[in-house]
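Some notes on the structure that comes next.
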Amino acid sequence: MRYHLPLTHPLLQTVDISVSFGGLQILDEVSIGIPEGSVTGLIGPNGAGKTTVFNVMTGFVKPDSGKVKYEGNRLRHVKTHHLTKMGISRTLQGVGLFPSLTARENVMLGASGHVRSGIVADALAMPWTDAEQRHIRDKAEAAMAELGVLSEADRLPGEMPYPVQKRVALARALVSDPKVLLLDEPAGGIGAADMRELGRLIRSWVPERTVLLVEHHMELVMEVCDLIWVLDAGKVIAAGSPEEVRNDPAVLAAYLGEDDHEDDHEDDHETVH
Amino acid sequence: MIDFIDYLLGGISSGAIIALMALALVLVWRSTRVVNFAQLGQAMFTTYIALTVRELTGSWFLGLIIAMAAGLVVGVIVHFLVIRPVKRLDTSGAIIATFGVLIALEALAAMVWGGDPEAFPPPINNSGYEAFGRIWPFSPYDLLVLASVVFLVLALSVVFTRTNVGLAMRASAFNPEVARLSGVRVNRMLALGWAIAGLVGAVAGVLVAPLSTLSPTSFDIFLVFAFTAAVIGGLDSLVGAVAFGIGTGLVIALVSGYSDSSNAPLVALVLLVLNLLFKPEGVFSHHKARAV
Ligand SMILES: Nc1ncnc2c1ncn2[C@@H]1O[C@H](COP(=O)(O)OP(=O)(O)OP(=O)(O)O)[C@@H](O)[C@H]1O
Ligand SMILES: [Mg+2]
């Protein structure tokens, strides 16, 4: 069964995306839409294919069939490095920070798509005369301030507690001033207080930004999402408001027999593929 | 004791040059995870270009600058024409392909410039300074070599640590996919790694030529030393490459001084084996043991 929901203005959507790895059907004609200015949830049991949806959207995985549309246009041959310039930003399941770069450098990197000066000009320009470098630094510090991690700017990721690393990763996604944020389990491995703050933060971004949230913590999902898509074994099995999804028998069945994910701490790996 | 000091002094400039060569190998390894066995072949080729420019214009410095530019270009060409197509199929193929590039460059050089060794005289006095009533094995040319290497290493470290491009290169080397997601044009950064390595190798070639001779194969031996230094340094550590490059130069100078210079490659290999046995991840690497 395919689930369709009438959506007026999806900013980002997948249309009948199918993906298989080695004969295994990972996504089966998945069509989901993210209305502009909304927080949209994408939930489902482990292995349902949520990260794979992100991978298709960001060009890491080529679908066997189907298409991704952004702002009404089909994304064809998307180059991953163009995404931030187009306004699409993603965080990885886990942290995905560069361990040998400081927090500030990690966040500055998120603005790479906006660096205009060429390689040679940049390499030759002396740092103290390089206005662009300073501009990016300022933006990075503003993003870190928004996430409350400015005081960690000169530390390496390994020196920070896990929840702080997650905030730095969020700052990196924010620094390119994205229209759409794809967040893959931003609450993984963080405590209740941090999670409440994360919920407030996500809500504060809309409607200027649009958020697609993959998350196992149901209370967070139910609290912040306007719309939720439910994926199970590569298929969309339900969609609707938090109320509707919570009471949907298909969703209950999919989660039945599943462990309680809220205590999952398998977040130390960066899942791209 | 005075012998010991003499040997060490005599090894400084060749150590500095080996450091540059190791640095070039590390730059390529960091960007594409390929050991470039053609690195010194490229350096040989650009040194011939420097020689030609020098013969035409009489300027050593102009020869150096043209060789550096040629090094950049050759690095980019090798990356795009050979490494990228082959690497798409498999990585070990790319490493073998660098041997192919080495052989091709040596053959091409022999065709263009002939196979006989050419003299590449130093641009300034290469006889030792006199002080305290004796001549020390350290010349104005050695000083020039040392100054050039220090300048280049400092310039590179500024680029790597202080610029957007340097940041993007470090990120691309560590995790290309996350770098791409951040908006980094990773393929360009990899090509830039090959280009800078080509430039660094070109400087090393021009600097080392007066200390040996110039023939299509005369730099081959330096590959052994540079490779040893790069591996002991951890293959992806720029600091390690420089430190162990100089160290290797000094060890070679001591071995050559106390025994015979023909023993130097053997000693380098012994160092390499000891390193692989006892600290296979390299001294400066932050990665776990590597599978090479
Ligand atoms: N590159 C790949 N090759 C083969 N199988 C893959 C690959 N990537 C993902 N899979 C498989 O696809 C399925 C869906 O994976 P995906 O990571 O998208 O799930 P998920 O919903 O994000 O799960 P989780 O909640 O555990 O993060 C899993 O069974 C996984 O093993
Ligand atoms: Mg996942």
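The values are calculated or read from the model by the stated rules, or taken from the named source; none is laboratory data. Keep in mind it's a predicted model, so treat the numbers as computed, not measured. Heads up, the Cβs are rebuilt from the backbone with ideal geometry, glycines too, and the neighbour counts pull from every protein chain shown. Each accessible area value is taken on the protein alone, full model and side chains, heavy atoms only, with ligands, DNA and RNA left out. Shrake-Rupley method; radii C 1.70, N 1.55, O 1.52, S 1.80 Å.
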Can you say whether A:P186 is surrounded by 15 or more Cβ atoms within 10 Å (Cβ to Cβ), within 16 Å of ligand 2 (Cβ to nearest atom), within 13 Å of A:S89 (Cβ to Cβ) and not aliphatic (A, V, I, L, M), as far as the supplied structure shows? yes
For the structure I just gave you, tell me whether B:A195 is under 17 Å from B:V74 (Cα atoms), touching a helix residue (DSSP H, G or I) at 6+ places or on another chain (Cβ under 7 Å) and more than 14 Å from chain A (Cβ to nearest Cβ). no
When you scan the range A:56-70, do you find a residue that is within 13 Å of A:I26 (Cβ to Cβ), more than 10 Å from chain B (Cβ to nearest Cβ) and assigned to a helix (DSSP H, G or I), even just one? yes
What single numbered condition from (1) within 16 Å of ligand 1 (Cβ to nearest atom); (2) more than 21 Å from A:N55 (Cβ to Cβ); (3) not assigned by TED's automatic domain parsing to the domain that holds A:H82 fails to hold for A:H217? (3)
Among the candidates B:V239, B:V251, residue that is open to solvent by less than 60 Å² (accessible area, probe 1.4 Å) and not charged (D, E, K, R): B:V251
Going residue by residue through the range A:228-237, is there one that turns out to be under 23 Å from A:T52 (Cβ atoms), of a type in the set (F, W, Y) and either out of contact with any Cys (no Cβ under 8 Å at 6 or more places or on another chain) or surrounded by fewer than 20 Cβ atoms within 10 Å (Cβ to Cβ) (or both)? yes
For the range B:161-172, the count of residues that are more than 7 Å from every other protein chain (Cβ to nearest Cβ) and open to solvent by less than 20 Å² (accessible area, probe 1.4 Å) equals 3
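Rundown of residues vs (1) in contact with a strand residue (DSSP E or B) (Cβ under 8 Å, 6 or more places away or on another chain); (2) under 19 Å from B:A195 (Cα atoms); (3) in contact (Cβ under 8 Å) with a residue 12 or more places away in the chain, yes/no style:
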residue: B:A67; (1), (2), (3): no, yes, yes
residue: B:V73; (1), (2), (3): no, yes, yes
residue: B:A97; (1), (2), (3): no, yes, yes
residue: B:M111; (1), (2), (3): no, no, no
residue: B:A119; (1), (2), (3): yes, no, yes
Please find, among A:V115, A:V61, A:V53, A:V30, the residue that is under 14 Å from the mean Cα position of the chain (by Cα) and either open to solvent by less than 50 Å² (accessible area, probe 1.4 Å) or more than 14 Å from ligand 2 (Cβ to nearest atom) (or both). A:V53
Selection status of A:H81, out of contact with any Cys (no Cβ under 7 Å at 6 or more places or on another chain), away from ligand 1 (no atom under 15 Å from the Cβ), over 22 Å from A:E208 (Cα atoms) and in a helix (DSSP H, G or I): yes
Does A:L75 count as exposed (fewer than 15 other Cβ atoms within 10 Å of the Cβ) and hydrophobic (A, V, I, L, M, F, W, C)? no
Would you say B:F61 is at pLDDT 95 or above, open to solvent by 10 Å² or more (accessible area, probe 1.4 Å) and part of a helix (DSSP H, G or I)? yes
